[in-house]
Amino acid sequence: MSAQAPVKRITVPQIAARKGDVPIVALTAYTAPMAALVDAHAEVILVGDSLGMVVHGLTSTIGVTLEMMILHGQAVMRGSRQAMVVIDMPFGSYEESPEQAFRNAARVMTETGCGAVKLEGGARMAETIRFLTSRGIPVMGHVGLTPQATLTMGGFKTQGRDQDSWPAHIEDARAVAEAGAFSVVVEGVMEALADRITEAVAVPTIGIGASARCDGQILVLDDMLGLSGRVPRFVKKFGDLGPRADEAIATYAAAVRDRSFPAADQTYR
């Protein structure tokens with residue numbers, strides 16, 4: 001009997017080649033079981049620093065550490081087989097210098113086996129992205145609304161409402177792509193601006209709160225499954241598992257209190 005051929009993970013060149021082609025499906029995941037579910041349907045799994053809020057109950061992504069990203073990245077790699085896994089570089093792990101970014105990105109990749117890292121920031125991060133990519137570290141960019149910069153932005157504010165700001169956002173995306181990023185997340189921008197960015201860069205754009213005409217889309221998994229509380233306007237709930245989970249937990253609690261659980265089928269005699 002011949003052994004089953006191993007499943008090959010999607011590669012950076014394969015994602016880059018999807019520019020203007022069939023849209024890229026991307027979702028976040030932070031644990032092995034959820035990664036296994038996403039893996040059957042998505043080309044990209046992002047271990048986002050949103051895990052700080054989704055998993056750890058933080059109020060923002062600022063408190064997320066490199067160790068947290070590596071721990072969850074390892075879990076997602078164990079739970080997935082074919083999707084390319086991208087891991088966010090957390091706040092403070094790459095901004096100081098290209099050398100700092102390389103040390104930490106190399107640690108993330110060697111300790112998890114992931115396919116790429118993601119950095120927030122536009123033109124100001126171009127030098128760092130070029131430094132990383134020239135040394136063999138694939139980078140996904142992130143422009144528009146950058147959650148790690150919300151303290152300076154004054155909160156989670158849609159970008160590009162003032163058309164005079166569009167050239168700066170477009171230049172951010174161009175700078176990131178020209179520095180070597182193989183794709184760019186475009187978050188929380190006006191639809192027409194997202195369309196301009198997609199036309200302006202030669203690499204795939206992955207939208208979140210942007211435009212259906214981006215080259216792909218990403219959402220936070222817990223948001224689209226209805227497991228989060230208040231979510232941004234751009235989130236569509238493709239499931240509503242929160243109330244179903246609450247009902248199941250309440251049913252369990254009642255069964256424990258009236259001693260109907262465990263029953264004969266759940267005990268050893």
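The values are calculated or read from the model by the stated rules, or taken from the named source; none is laboratory data. For clarity, every value in this text was computed on a predicted model and none was experimentally measured. Cβ sites come from the backbone with ideal geometry, for glycine too, and all protein chains shown count toward neighbours. All accessible areas refer to the heavy atoms of the entire protein, side chains included, with ligands and DNA or RNA removed. Shrake-Rupley method; radii C 1.70, N 1.55, O 1.52, S 1.80 Å.
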*(1) open to solvent by less than 40 Å² (accessible area, probe 1.4 Å); (2) within 19 Å of Gly48 (Cβ to Cβ); (3) not aliphatic (A, V, I, L, M): which one isn't true of Arg107, the others all being true?*
(1)
*Go through the stretch 155-178 residue by residue and tally those that are surrounded by 22 or more Cβ atoms within 10 Å (Cβ to Cβ) and of a type in the set (Gly, Ala, Ser).*
4
*Look at the stretch 31-53 and say how many of its residues are modelled with pLDDT of 95 or more, surrounded by 18 or more Cβ atoms within 10 Å (Cβ to Cβ) and in a helix (DSSP H, G or I).*
6
*In the stretch 6-30, what residues are in a helix (DSSP H, G or I) and either open to solvent by less than 70 Å² (accessible area, probe 1.4 Å) or more than 26 Å from Leu51 (Cβ to Cβ) (or both)?*
Val12, Pro13, Ile15, Ala16
*Within the stretch 188-243, can you find the residues that are loosely packed, with under 15 Cβ neighbours inside 10 Å, at pLDDT 95 or above and of a type in the set (Lys, Arg)?*
Arg213
_Residue list for the stretch 115-134, restricted to those being more than 22 Å from Leu145 (Cα to Cα) and open to solvent by less than 10 Å² (accessible area, probe 1.4 Å)_ = Leu132
